[in-house]
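Notes follow once the structure below has been shown.
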Amino acid sequence: MTQFKLFAVTVMMLLSMNLFSEQVAAYCCTGYSKSQLPFSRIKGYTIQTVHGICNIRAIIFHTIKNKDVCADPAQKWVMDRIQRLNLNLLERGNEQKSFI
């Protein structure tokens, strides 16, 4: 009985690792968008580093329509959007502190 439990746990761990690795691959940028994304459509971003099949550095912008857009961090417009997002976040944090 103990061997069966060990086998079942091992199989479950392997299945969950497989699902996780597929999920990571789904959110990996392998190229950049050719068009600039308007600031009004962006709700956040994630920084992608080079690892595994993610072979490029990228900024993944998350849009208000729940789409992910891969952008080149070397582009000026990309860094401008990040600065504006960070500034908005900082301002919201200061507003919340003033109400305490």
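Bear in mind that the values in this text are calculations on the coordinates, not laboratory data. All values derive from a computational prediction rather than experimental measurement. Ideal geometry is used to build each Cβ from the backbone, glycine not excepted, and the neighbour counts take in all protein chains shown.
If we count other beta carbons within 10 Å of each Cβ, what is the order of R92, R41, fewest first?
On the way: R92 10, R41 14.
The most exposed by this proxy come first: R92, R41.
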With the charge dipole of segment 32-98 built from beta-carbon charges (+1 for Lys and Arg, -1 for Asp and Glu) about the Cα centre, the Cα from L85, V50, L37 projecting farthest to the positive end belongs to L37
Can you run the Rg to Rh ratio on segment 27-69? Use alpha carbon positions and the Kirkwood inverse-distance Rh. 0.97
With θ set to phi - 60° and the Karplus curve 6.51 cos²θ - 1.76 cosθ + 1.60, what are the ³J(HN,Hα) couplings of segment 62-70 in order, to the nearest whole Hz, using x for Gly and Pro? 9, 8, 5, 9, 6, 9, 10, 10, 8
Spin-label point model (7 Å from Cα, Cβ direction): what's the Y27 to E91 distance in nm? 2.8
